[in-house]
Amino acid sequence: MASEKAPLPFVYTFMAGAIAGVSEILVMYPLDVVKTRVQLQTGKAVAGADTYNGMFDCFSKIIRNEGFSRLYRGITAPILMEAPKRATKFAANDKWGKFYRELFGQTQMTQSLSVLTGASAGATESFVVVPFELVKIRLQDKASAGKYNGMIDVVMKTVRNEGILAMYNGLESTLWRHILWNAGYFGCIFQVRQIIPKAETKQGQMTNDIIAGSVGGTVGTILNTPMDVVKSRIQNTIKVPGQTPKYNWAWPGVAMIAKEEGFGALYKGFVPKVLRLGPGGGILLVVYTGVMDFFRNMREAKGL
């Protein structure tokens with residue numbers, strides 16, 4: 001992420017990213033549950049308690065048929081994931097940014113370097129999140145409600161029945177998902193910050209961060225939703241020895257969904273996803289920037 005402020009040691013960028021991630025997930029998690037439910041629904045929706053005609057229908061049916069608390073089912077895995085996930089995102093973006101500036105002899109970030117840096121940070125982040133994402137998706141799927149008693153139960157049954165490597169089902173599609181989202185997110189943050197007037201006050205800086213982060217989150221979501229749909233289906237598929245799963249690899253999965261369900265199916269869950277990750281991208285950037293400023297002021301006060 002482009003910044004004119006003095007850089008801080010790795011531990012501070014890691015901590016700021018962790019705090020930003022947990023803040024975002026606590027506010028936006030119900031939208032993630034709805035997004036996953038809609039993405040896992042194959043074919044065309046028909047009337048019934050277990051099918052959804054869109055975001056609002058999904059919200060109302062979950063609350064009416066399963067209770068409000070179901071919107072937070074599986075949140076333990078995301079909360080445990082968000083700290084290392086977002087911490088890795090921002091810390092890796094900072095480290096990759098320094099690496100690419102030195103590699104290409106640049107003193108400041110550019111648009112192309114921001115995209116490359118974001119993509120590299122996304123690839124790094126994906127290795128951290130895959131097991132957590134698999135647990136989250138299996139807990140969010142209504143069909144799994146009677147199969148698992150919680151996060152640890154998902155891990156134990158997955159490892160016992162499918163093998164330890166099953167915890168990394170969907171790694172390839174997750175790589176693509178995070179590369180595309182982070183490239184769009186950090187690339188747009190750089191571009192938007194170049195376009196909007198420079199903030200003169202702390203309130204103005206917060207407003208600029210909300211705008212830049214929300215635009216970045218929206219563009220990243222547009223780019224990566226097809227991969228997110230495929231990833232959800234890959235990770236929700238129980239591996240059976242001797243059988244090739246229907247959804248196994250990212251790009252063939254994209255082609256299969258488009259062929260069987262139409263191109264629009266690749267954007268299932270887009271509305272709740274963009275409503276989460278658009279504003280959520282703003283929340284991430286605002287909290288991250290605020291925490292980094294706090295750390296920076298704290299170090300200055302101590303004379304570090």
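Using beta carbons and a limit of 9 Å, which pairs, at least six apart or on different chains, have the first residue in region 266-291 and under 26 Å from D57 (Cα atoms) and the second one charged (D, E, K, R) and open to solvent by 30 Å² or more (accessible area, probe 1.4 Å)?
K268/E261
Give the residues of region 122-154 that are among the β-branched types (V, I, T), farther than 15 Å from T88 by Cα and surrounded by 19 or more Cβ atoms within 10 Å (Cβ to Cβ), sorted by residue number.
V135, I137, V154
Just one of (1) surrounded by fewer than 24 Cβ atoms within 10 Å (Cβ to Cβ); (2) closer than 30 Å to Y52 by Cβ trips up Q108, so point out which.
Here Q108 meets the rest and fails (2).
For K61, only one of the following conditions fails: (1) in a helix (DSSP H, G or I); (2) farther than 26 Å from M292 by Cβ; (3) of a type outside the set (A, V, I, L, M); (4) open to solvent by 40 Å² or more (accessible area, probe 1.4 Å). What is its number?
If we test K61 against (1) in a helix (DSSP H, G or I); (2) farther than 26 Å from M292 by Cβ; (3) of a type outside the set (A, V, I, L, M); (4) open to solvent by 40 Å² or more (accessible area, probe 1.4 Å), just (4) comes out false.
Collect the residues in region 220-254 that are among the aliphatic types (A, V, I, L, M) and open to solvent by 60 Å² or more (accessible area, probe 1.4 Å), keeping them in residue-number order.
I222, L223, I238, V240
Conditions tested, residue by residue: (1) in a loop (DSSP other than H, G, I, E, B); (2) within 25 Å of K231 (Cα to Cα); (3) out of contact with any Ser or Thr (no Cβ under 8 Å at 6 or more places or on another chain); (4) of a type in the set (A, V, I, L, M, F, W, C).
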residue	(1), (2), (3), (4)
K246	yes, yes, no, no
A255	no, yes, yes, yes
A258	no, yes, yes, yes
V274	no, yes, no, yes
L277	no, yes, no, yes
G280	no, yes, yes, no
V287	no, no, no, yes
V291	no, no, yes, yes
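For region 155-176, what are the residues that are of a type in the set (A, V, I, L, M, F, W, C) and either open to solvent by 10 Å² or more (accessible area, probe 1.4 Å) or touching a Gly at 6+ places or on another chain (Cβ under 6 Å) (or both)?
V155, M156, V159, I164, L165, M167, L171, L175, W176
Name the single residue, out of those in region 260-272 being in a helix (DSSP H, G or I) and small (G, A, S), that is most open to solvent (accessible area, probe 1.4 Å).
Here the answer is G264.
Is it fair to say R37 is at pLDDT 85 or above and open to solvent by 50 Å² or more (accessible area, probe 1.4 Å)?
Judged against the criteria, R37 is not a match.
One residue is enough: does region 75-90 have a residue meeting the conditions open to solvent by 60 Å² or more (accessible area, probe 1.4 Å), modelled with pLDDT of 85 or more and either within 22 Å of G281 (Cα to Cα) or not β-branched (V, I, T) (or both)?
No: region 75-90 contains no residue that is open to solvent by 60 Å² or more (accessible area, probe 1.4 Å), modelled with pLDDT of 85 or more and either within 22 Å of G281 (Cα to Cα) or not β-branched (V, I, T) (or both).
Checking E102 against (1) without any contact (Cβ under 8 Å) to a residue 12 or more places away in the chain; (2) under 15 Å from the mean Cα position of the chain (by Cα), only one condition comes out false. Which one?
Result: E102 fails condition (2) only.
The values are calculated or read from the model by the stated rules, or taken from the named source; none is laboratory data. Please read these numbers as outputs of a predicted model, since none were measured by experiment. Reconstructed Cβ throughout: ideal geometry from the backbone, glycine too, with neighbour counts over all protein chains shown. These accessible areas exclude ligands, DNA and RNA; they are computed on the full protein's heavy atoms, side chains included. Shrake-Rupley method; radii C 1.70, N 1.55, O 1.52, S 1.80 Å.
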